[in-house]
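Remarks on the structure that follows.
Quick note: the coordinates plus some simple rules give every number you see, no bench work behind them. Quantities reported herein were computed from a predicted structural model and do not represent experimental measurements. Don't worry about glycine lacking a Cβ; one is built from the backbone with ideal geometry, like all the others, and counts go over all protein chains shown.
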Amino acid sequence: MTIDAFAAFYPWTKALHLISVFAWMAGMFYLPRLYVYHTPAPVGGERSEMLKVMERRLLRAIINPAMAAAWIFGIILVLTPGVIDWSAGWWHGKMLGFLLMSGFHGHLAAARKSFERDERKHSERYWRIANEVPTLLLILIVVMVIVRPF
């Protein structure tokens, strides 16, 4: 398949990209909230152990696959001829937001491993603030793609 063939699948690729992003974002909104509840939970307690299972399943079954799919379909979209005007600046902002979201994803994944080891590296307040990061990045990304301010 050549890159030009991507154009024929553009509507499907765009739909699958958006579905992947929605699933990824759902998990990114929820995982830091679980950390808010996990931080004060007694180490080794029933609540802490239940949250460990929830966090692991959310990350492995939803967030990680959805992020991978969002990346794959996003790359296909970028490679589709005519989708991006490379002289426009909006796509730089979108890519920055997407890379920051991916980095935050990595931070959440590392935090899950810390919680798994019963380590509490951050406060409940930290996780309450961190819970807003995906929303702010989503705003940046959507504005760049829809409004295209530059």
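The table for this structure:
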| item | result |
| --- | --- |
| Close pairs (9 angstrom Cβ cut-off, 6 or more residues apart or separate chains): under 17 Å from Gly106 (Cα atoms) in region 134-150, aromatic (Phe, Trp, Tyr) anywhere | Pro134/Phe29; Pro134/Phe104; Thr135/Phe29; Leu137/Phe98; Leu137/Phe104; Leu138/Phe29 |
| Residue among Met95, Met101 that alone is within 25 Å of Pro11 (Cβ to Cβ), loosely packed, with under 15 Cβ neighbours inside 10 Å and within 16 Å of the chain's Cα centre (by Cα) | Met95 |
| Residue that is nearest to Leu58 (Cα to Cα), among those in region 1-47 that are of a type in the set (S, T, N, Q) and over 15 Å from the mean Cα position of the chain (by Cα) | Thr39 |
| Matching residues in region 23-68 - criterion: being in contact with a Lys or Arg (Cβ under 9 Å, 6 or more places away or on another chain) and basic (Lys, Arg) | Arg33, Lys52, Arg56 |
| Filter result for Ala7 (under 22 Å from Ala109 (Cα atoms) and either surrounded by fewer than 17 Cβ atoms within 10 Å (Cβ to Cβ) or in contact with a Leu (Cβ under 6 Å, 6 or more places away or on another chain) (or both)) | no |
